[in-house]
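Have a look at the structure below before the remarks.
The values are calculated or read from the model by the stated rules, or taken from the named source; none is laboratory data. Remember, it's a predicted structure, so these values are computed and weren't measured experimentally. Backbone-built Cβ (ideal geometry, glycine too); neighbour counts: all protein chains shown.
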Amino acid sequence: MNVQLLRRNCALAAATVLAVLTAGCTAQQQARSKSAPPPASTPAPTPAPEAGFRTARAAFPTGNPNTSVILVEKTVPTEVLAGQPFEVVYKISNLTDLMVQDVTLHAQAGENFKAEDATPEPDETSEGKATWVIGDLPPRQSREIRVRGSALEEGVVTGCGSVTFNPVLCETIKVLKPAIELVKTMPAQVIQCDPIPVRLTVRNTGSSSLTDVRVTDSLPNGLLSEAGQSSVAFDAGTLAPGQSKEFAFKATAARTGKFSNPARVTSAQGVEASAQASVTVVKPVLTLECETPALKEMGNLKFTEFIGRPFQVCWEVKNTGDAPSVDTVLLYALSPELTLRSATDGGAVVGGNVTWNLGTLAPGASKKVCATLAGTRGGDYRLSAKVTGACAEPGMTGCNVIIQGISAILVEVVDDPDPIQVGEETTYLIKVTNQGGGLDLQDVVVKAIFPDGMAPGAASNNAQVSGKTVTWPTVAALPLRETLTYTVKGKALKAGDNRLQVEVSTRQRPAIIEVESTTAY
């Protein structure tokens, strides 16, 4: 609004109000200045006048209530008796739909009026003048001021007043506040092989709508989405005040540890928010150790046990991780050369394996189980075992047992012909048989040693002749119930009882000596 126009209207309003309210004052003063009428004869007493009221109205600044701002109404009695109290009422009304400010009523009473009280009390009084500061007058609202007093003597009571105000044009603009909230939730702890559920909730906490709302979550190193991505994004579109949307995805962990990262939400209105959550990824770690009996010693032999005799092997499982191992199972692959006599903790043969169901193994816990075995065949055997658990990498171990067979060797030597004449030859048939208790003979060496009255001749199987000794090549292993057969010729050099000595040696035992007598004449 133009400031000069506003001031002009205010001045016009104040002047008009003052003029109207003081009009009665002027008329009364003029009436008082006329000459008094001549005395008249005394009439009969006149009854007291009936009380009546009159109201003066004025609309400002145009005089038309339909186009004005303030309506002032003053209600007074038409007549009063001297010394009797009466009341004057001012009513000031705002005719507009706008706030009117600085509304003030100024009133002045003549000398013939004695004021007693007013409602409300005036804000200021001075030399017969009273001022009421009404202040702001809301649209279509009114204020009343009541003044009570009495006339001092017969005559007239003159009261004048004025109203000033400032019309104000007000327009309300609704102010909205954009605000957004993001909440991110993850479980406090998960096992590594389980997916990590992530939930993102975005909510419009302001009073304005938000558009182009977008949520992003950049995963930390070591976490990926199920699609193998290191970042996920969601479009929430438009959110009305108070509206929320929820998004969820699952992440996988490549390692154990604590992971923390903030998610972020943005909008076209420039408001944004972030939210952070943490998850600790744990994992069971299984280790497996094998324990066998101390080796026995016999001569130059070291072994676990003889064939057929029982011995005990134990395995200890430990969970060195930071998560429980659920459904923990220990498997020992039973060797064909070994038989199970018994097992602790419910171990049983299932599909060629001795199996123990160990259940749940807490972090730091361990479990020891044992099996009693017996060997059916001599040899060095590897005992391989494996432990598994939910979300745990298998633990592997192996240990060896040596089953000692009972070696029994049959050495047979036959000469044909016998006797022979000096200068003639005989053939020696040599047989070496492994007839022992489940033990392969190893590093078998056969030698034939001729006496002075005999000379060695041709020998089978690539035997080597050195002087009076014939040696056959070493046989690495002679299985159970198997036989080595050799032949060698011998020539009689002189008459007499000539004895051939055959020596058979193996890794398992000292040499066995067999003697065959040949008579020469």
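Of note:
- Residue check, Gln404 surrounded by fewer than 18 Cβ atoms within 10 Å (Cβ to Cβ), in contact (Cβ under 8 Å) with a residue 24 or more places away in the chain and out of contact with any Lys or Arg (no Cβ under 6 Å at 6 or more places or on another chain): no
- Scanning region 478-521 for residues that are β-branched (Val, Ile, Thr), under 17 Å from Asn461 (Cα atoms) and buried (at least 17 other Cβ atoms within 10 Å of the Cβ) turns up Val488, Val502, Val504.
Yes/no matrix, rows are residues, columns are (1) modelled with pLDDT under 90; (2) assigned to a loop (DSSP other than H, G, I, E, B); (3) over 60 Å from the mean Cα position of the chain (by Cα):
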| residue | (1), (2), (3) |
| --- | --- |
| Ala48 | yes, yes, yes |
| Ala51 | yes, yes, yes |
| Leu71 | no, no, yes |
| Thr75 | no, no, yes |
| Gly83 | no, yes, yes |
| Tyr90 | no, no, yes |
| Thr104 | no, no, yes |
| Asp117 | no, no, yes |
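- Test: residue in region 201-223 that is assigned by TED's automatic domain parsing to the domain that holds Ile70, assigned to a loop (DSSP other than H, G, I, E, B) and either among the acidic types (Asp, Glu) or surrounded by 14 or more Cβ atoms within 10 Å (Cβ to Cβ) (or both): no
- Close contacts from region 357-371, counting a first residue that is not assigned by TED's automatic domain parsing to the domain that holds Leu330 and among the β-branched types (Val, Ile, Thr) and a second that is part of a strand (DSSP E or B) and surrounded by 13 or more Cβ atoms within 10 Å (Cβ to Cβ), with Cβ to Cβ under 6 Å and a gap of 6+ residues or different chains, come to none at all.
- Restricting the first member to region 108-133 and to residues that are on the phi < 0 side of the Ramachandran plot, and the second to residues that are surrounded by 18 or more Cβ atoms within 10 Å (Cβ to Cβ) and among the aromatic types (Phe, Trp, Tyr), the beta-carbon pairs closer than 9 Å and six or more apart or on different chains are Ala118/Trp132; Pro120/Trp132; Glu121/Trp132; Pro122/Trp132; Asp123/Trp132; Glu124/Trp132; Trp132/Tyr90.
- Residues being of a type in the set (A, V, I, L, M) and farther than 22 Å from Asp322 by Cα - total across region 238-265: 5
- Test for Thr487: is it in contact (Cβ under 8 Å) with a residue 24 or more places away in the chain, assigned by TED's automatic domain parsing to the domain that holds Glu425 and of a type outside the set (Asp, Glu): yes
- The listed residue being free of Cβ contacts under 8 Å to residues at least 40 places away in the same chain and touching an Asp or Glu at 6+ places or on another chain (Cβ under 6 Å), out of Ala459, Ala477: Ala477
- Residues in region 53-64 that are at pLDDT 85 or above and either under 21 Å from Asp102 (Cβ atoms) or touching a Pro at 6+ places or on another chain (Cβ under 7 Å) (or both): 5 in all.
- Considering Ser325, Ser335, the condition of being buried (at least 18 other Cβ atoms within 10 Å of the Cβ) and in contact with a Gly (Cβ under 7 Å, 6 or more places away or on another chain) is satisfied by Ser325 alone.
- The condition (being out of contact with any helix residue (DSSP H, G or I) (no Cβ under 9 Å at 6 or more places or on another chain) and under 25 Å from Arg255 (Cβ atoms)) is satisfied by just one residue among Ala371, Ala348, Ala392: Ala392.
- Residues within region 360-384 that are outside any strand (DSSP E or B), hydrophobic (A, V, I, L, M, F, W, C) and under 30 Å from Leu480 (Cα atoms), tallied: 0
- Residue match in region 432-452 (condition: modelled with pLDDT of 95 or more and touching a Gly at 6+ places or on another chain (Cβ under 8 Å)): yes
- Among the residues of region 152-161, some residue qualifies, meaning at least one is of a type in the set (Ser, Thr, Tyr), part of a loop (DSSP other than H, G, I, E, B) and in the same structural domain as Gly128 (by TED's automatic domain parsing).
- Test: residue in region 446-462 that is assigned to a loop (DSSP other than H, G, I, E, B) and either more than 26 Å from Gln421 (Cα to Cα) or in contact with a helix residue (DSSP H, G or I) (Cβ under 9 Å, 6 or more places away or on another chain) (or both): yes
- Every listed requirement among (1) among the hydroxyl-bearing types (Ser, Thr, Tyr); (2) assigned by TED's automatic domain parsing to the domain that holds Lys491; (3) under 30 Å from Leu286 (Cα atoms) is met by Tyr428 save one, (3).
- Residues in region 134-155 that are over 15 Å from Glu87 (Cα atoms) and either free of Cβ contacts under 8 Å to residues at least 40 places away in the same chain or not small (Gly, Ala, Ser) (or both): Ile134, Gly135, Asp136, Leu137, Pro138, Pro139, Arg140, Gln141, Arg143, Glu153, Glu154.
- Single condition Asp136 does not satisfy, out of (1) in contact with a Leu (Cβ under 7 Å, 6 or more places away or on another chain); (2) part of a strand (DSSP E or B): (1)
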